[in-house]
Amino acid sequence: MDLIFKNKKYIFLGLFPALSLFIFFVVYPIIRSFFYGFYDWNGLSRPIYVGLANFKAVLSDKVFWHAFRNNIFIVVISVFGQIPLGLVLAVLLNDKFRGAKFFRFIFFMPMILSTVVVGLLWSTILNSQVGIVNNLLKNIGLGSLAHDWLGESGLALYSVGFVIIWQFFGLYMIILMAALQNIPKEVFESAELDGAGGLTKLFHITLPMIWSSIMASVVLCIAGGMKTFDLVFTMTQGGPAHSTDLMAIYMYNKTFETYKYGYGSAVSLVIFVLSFTLIIGSRALMSRKSADL
Amino acid sequence: MFKRFLWLFCLFAVVFGSAVSADSKVKFTLWHSYVGADQRAEFMADRLAAFAKANPDIVIDEQQIPRDQYQTKLKTMAAAGSLPDAFVIWPNAMCIEFANAGLLADINNLLDKNPVWKNAFSPRALDEFTVKGKTYSAGLGVSLTSVIYYNKAIFAKYNVKFPTTYAELKDAIQVFNKNGIIPIAFGNKPLWPAQSTIFSCLANRMTGSQWLNDVLAKKNNAKFTDAPFIQALNIMKELNDLGAFNKDYNTIDNVQMRRYYYKGEAAMMIDGSWALSDMIANAPQSVLDNTELAVFPDFGGKGDPKVMSGVSGTGIAINAKASPAQKEAIGKFIMFISGEESQRLFPKYYIPISFKSIPIDRKTINPLYAKMLTLIEEHPLITVYDSALNSELTSIINDGLQAVMIGQAKPIDIANQMQATLK
């Protein structure tokens, strides 16, 4: 083994296949797309160099910033909806009781469904005419609360946000449950001997000990929230009238619906910068917090 | 060892490669959108099978892509420089974009060599695929985009006459709403239906036919911000506010909306001629028996209230990069699928024909198809917005119509945006 590590040739040889695929299919296209950001290109005719015009247009487009706000909304409800919900369920289901396995499976199930299936399922459930939600409301005499959940511009984003939480809280439940099971039992036992109650144990032992997993979950949430696309796209396609537009949908529409490939590339670069900043920022914030604890 | 393998591999490649080229069969890839709910799905399957039988030396590698994704996929392939050898294109704007980028091979030679075929077409079928004197395809049928299908039994039940003016339409909407009937079944989730099936005709009623040409050519001081165009956008908002459509029209698509009409829950449905085959296949007989076809009422504008919107059907075009043998084979296929034998099949699939005259016995064909033929004879066609506008303007009007209808944007903002994009 040592011999192999000493000989750098073999390390390179071993990494080469994966690395070359990665460079060819990921790194190279990303760099290419950054260059296209400086061109006006409709995909059909020759690209024209336009300097920073695309970036200026992206940054001054109200629809883009509206989409950015929607992304932030998704990130916020993901972080403060999915993680606490996942944590509570993880703590509850970590105890061994009858049916715990069943509930774990049930809560994790949305995760295994394909996003398109989830999108179509909820589009039907939330449909204003034939959907279960409105029919239920009508049957229990609350017909006045029935809405076109995905068709009203003030409501659509909240409906979509709810579905996003529904789909992903199971993931964080599993991640945090795995972390919980890594806490040595002895710590709890000695805490109990010292007379610590349930809440004290939760806040002073459990949370600090799984803090790194929570941090990882937050990063996952932010990254997921910033790049959300498929679920919203199947449910609303960013509509009605941009009310559920997200940055990725905005980029898709500009690139593949209006065929402005250069502009779309510029948008993707801006999304990259914004998401990256947010993740770095959140990591800095969280690591300071963990030092305080 | 490794080197030996490489040699062996190369040897195989040479042998295998030459075996393929020695084969005398011509092979070409074909992308089309005639699939699923599209009325031409069965027609295409029928024609491809017949073509394969008649031409054993030509192999077609077929790719079916649903209409809503088709243009996106095709244009992405165009951007990547790897278009299929033959593919379906839309007339006017899309054909112009592709032709100007040098992506298409013209079929002028083919037309000149076969004058009987060429002269049988109604002019629209070739003109709308002609750019700077070069023709790139021949339209398969005609698409009417703004047909009002209405259930005369529902109209009779509530004692409403089919509206011929905007005022009458408003009255009818009120009566139906009072009685829990959806006035007009409509689905706009894909965004193009509002523009293609309602607005194109409605705007023409307000502005007249010459205006849109003038705006696009920047002639006669015509602008998108002109009052009649704004007025048309306002009417779209009014229709929404009056409750003319099913409430969930923004969350269902133009196929799902038909359910309301088929179930007798809607008095009218606005859709293209392409809805006819689906209707005949899926609507109950009682609804079919009571269905009539009509054009939009008179909205009191500058336009001729007799016209309806429509374009040539899509057609098959040849990739400029195809090999000469492939080009010849595709040309054969274009002639086959748009020729007389195929045109005679159009009535079977309820597609309006794109030949000037195919003798059709009105008594043996479906009565609804017969009504559609009468509609075409009586009402001249005017262009559809997404056929006349480039992709960027089309996207603005598609988005904008939804925003205006649900009160998220003002008509003048949409008009300003369109005018600014034009420059």
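Being at pLDDT 95 or above and within 30 Å of B:Ala99 (Cβ to Cβ) is the requirement here; does B:Ile148 meet it?
No, not satisfied.
Every residue in the stretch A:27-62 that is surrounded by fewer than 15 Cβ atoms within 10 Å (Cβ to Cβ) and touching a Phe, Trp or Tyr at 6+ places or on another chain (Cβ under 9 Å), please.
Passing the criteria: A:Ile30, A:Phe34, A:Ile48, A:Tyr49, A:Gly51, A:Leu52, A:Leu59.
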- prompt: On the given criteria, is B:Lys134 of a type in the set (Lys, Arg), exposed (fewer than 15 other Cβ atoms within 10 Å of the Cβ) and assigned by TED's automatic domain parsing to the domain that holds B:Phe176?
  reply: no
field: helices (runs of 4 or more DSSP H) within the stretch B:341-409 that include 2 or more residues within 14 Å of chain A (Cβ to nearest Cβ)
entry: B:391-405
- prompt: What pairs can you find where one residue is in the stretch B:89-102 and within 11 Å of another protein chain (Cβ to nearest Cβ), the other is assigned to a loop (DSSP other than H, G, I, E, B) and surrounded by 22 or more Cβ atoms within 10 Å (Cβ to Cβ), and their Cβ atoms are less than 8 Å apart, with a gap of 6+ or different chains?
  reply: B:Glu97/A:Asn42; B:Phe98/B:Tyr136; B:Ala99/B:Tyr136
statement: Apart from one, (1) within 24 Å of A:Met235 (Cβ to Cβ); (2) surrounded by fewer than 16 Cβ atoms within 10 Å (Cβ to Cβ); (3) of a type in the set (D, E, K, R) all hold for B:Lys219; the odd one out is (1)
task: Scan the stretch A:78-92 and report the pairs whose first residue is surrounded by 20 or more Cβ atoms within 10 Å (Cβ to Cβ) and whose second residue is of a type in the set (Phe, Trp, Tyr) and modelled with pLDDT under 90, with Cβ atoms within less than 9 Å and a gap of 6+ or a chain change.
output: A:Gly86/A:Phe107; A:Leu89/A:Phe103; A:Leu89/A:Phe107
task: Would you check which residues across the stretch A:234-244 are closer than 18 Å to A:Trp65 by Cα and either touching a strand residue (DSSP E or B) at 6+ places or on another chain (Cβ under 7 Å) or more than 10 Å from every other protein chain (Cβ to nearest Cβ) (or both) and list them?
output: A:Thr244
task: Evaluate the following for B:Pro411: is it farther than 25 Å from A:Tyr259 by Cβ and within 19 Å of the chain's Cα centre (by Cα)?
output: no
field: Index of the failed condition, A:Phe107 passing every other in (1) within 25 Å of A:Leu155 (Cβ to Cβ); (2) in contact (Cβ under 8 Å) with a residue 40 or more places away in the chain; (3) hydrophobic (A, V, I, L, M, F, W, C)
entry: (1)
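Just name the residue that is nearest to the chain's Cα centre (by Cα) out of those in the stretch A:250-262 that are more than 10 Å from chain B (Cβ to nearest Cβ) and crowded, with 24+ Cβ neighbours inside 10 Å.
So the residue we want is A:Tyr250.
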message: For the stretch A:135-153, which positions are surrounded by fewer than 19 Cβ atoms within 10 Å (Cβ to Cβ) and modelled with pLDDT of 85 or more?
response: A:Asn135, A:Leu136, A:Leu137, A:Lys138, A:Asn139, A:Ile140
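Per-residue answers, yes or no, for (1) within 24 Å of B:Ser309 (Cβ to Cβ); (2) at pLDDT 90 or above; (3) among the small types (Gly, Ala, Ser); (4) touching a strand residue (DSSP E or B) at 6+ places or on another chain (Cβ under 6 Å):
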position	(1), (2), (3), (4)
B:Arg344	no, no, no, no
B:Pro347	yes, no, no, no
B:Ser354	yes, no, yes, yes
B:Ile382	yes, yes, no, yes
B:Leu393	yes, yes, no, no
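The values are calculated or read from the model by the stated rules, or taken from the named source; none is laboratory data. On a predicted model such as this, the values are computed, not experimentally measured, just so you know. Positions of Cβ are generated from backbone atoms using ideal geometry, with glycine treated the same way; all protein chains shown enter the neighbour counts.
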